[in-house]
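Heads up, the thing below is written out as structure tokens.
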Amino acid sequence: MKGFTLVEMLIVVAIIGIFMIPLLITYRSSQNNQKLRVVAEEFADQVRTVHIYARDAKDKKSWGIKLSDNGYSLLSGRADSYKVDKSFSLGKNIEFEKDQLVWFEIGTGQTDRDYEVVIVDTRGKKIAVKISKNGIVEVGDLE
């Protein structure tokens with residue numbers, strides 16, 4: 001009689017399972033890293049939009065972006081008196097490292113200084129969105 005015994009089959013299944021564990025962990029970590037990068041890129045796109053609005057003097061206003069916990073808002077008006085035009089959420093388990101207000105001057109799109117906005121997930125993985133004084137926005141890993 002040819003074939004495999006039940007014990008032999010269980011051993012093969014156990015070995016396959018042992019080899020799959022690291023692959024599944026790596027796959028899940030990769031998915032989480034990609035999600036963090038997508039959130040950072042989407043945020044960077046909104047910062048670029050606000051910069052263009054200020055530079056082009058859209059609606060004859062200055063424009064800014066306000067960061068708080070796990071969301072941000074696009075602002076128009078002045079830094080001391082503004083209107084929220086649109087709000088966004090970063091998503092589940094992702095937040096800004098600290099609250100900030102980035103303001104772009106009308107006509108030039110410049111900020112008062114360079115900014116580094118850090119976005120972090122619950123695993124402690126961080127990604128930075130750098131905003132230069134001239135309005136150039138870049139996304140890069142921290143850890």
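Coordinate-derived values only; no laboratory data. Since we're looking at a predicted model, the values are computed, not measured. Don't worry about glycine lacking a Cβ; one is built from the backbone with ideal geometry, like all the others, and counts go over all protein chains shown.
Residues in the range 121-129: is at least one of a type outside the set (Gly, Ala, Ser), out of contact with any helix residue (DSSP H, G or I) (no Cβ under 8 Å at 6 or more places or on another chain) and surrounded by 16 or more Cβ atoms within 10 Å (Cβ to Cβ)?
Within the range 121-129, none of the residues are of a type outside the set (Gly, Ala, Ser), out of contact with any helix residue (DSSP H, G or I) (no Cβ under 8 Å at 6 or more places or on another chain) and surrounded by 16 or more Cβ atoms within 10 Å (Cβ to Cβ).
So which of PHE96, PHE104 is surrounded by 18 or more Cβ atoms within 10 Å (Cβ to Cβ), more than 14 Å from ARG55 (Cα to Cα) and not hydroxyl-bearing (Ser, Thr, Tyr)?
Answer to the check: PHE96.
Filter the strands (runs of 3 or more DSSP E) completely within the range 1-107 down to those with at least 3 residues that are farther than 23 Å from ASN134 by Cβ and touching a Gly at 6+ places or on another chain (Cβ under 8 Å).
81-89
Check the range 60-71 and report whether any residue there is loosely packed, with under 12 Cβ neighbours inside 10 Å and more than 26 Å from the chain's Cα centre (by Cα).
Within the range 60-71, one or more residues are loosely packed, with under 12 Cβ neighbours inside 10 Å and more than 26 Å from the chain's Cα centre (by Cα).
Does any residue in the range 109-132 that is in contact (Cβ under 8 Å) with a residue 24 or more places away in the chain and more than 12 Å from LEU90 (Cβ to Cβ) come within less than 8 Å, Cβ to Cβ, of a residue that is assigned to a loop (DSSP other than H, G, I, E, B) and among the aromatic types (Phe, Trp, Tyr) six or more places away or on a different chain, and which pairs are these?
Here the result reads none, with nothing in the range 109-132 linked to a residue that is assigned to a loop (DSSP other than H, G, I, E, B) and among the aromatic types (Phe, Trp, Tyr).
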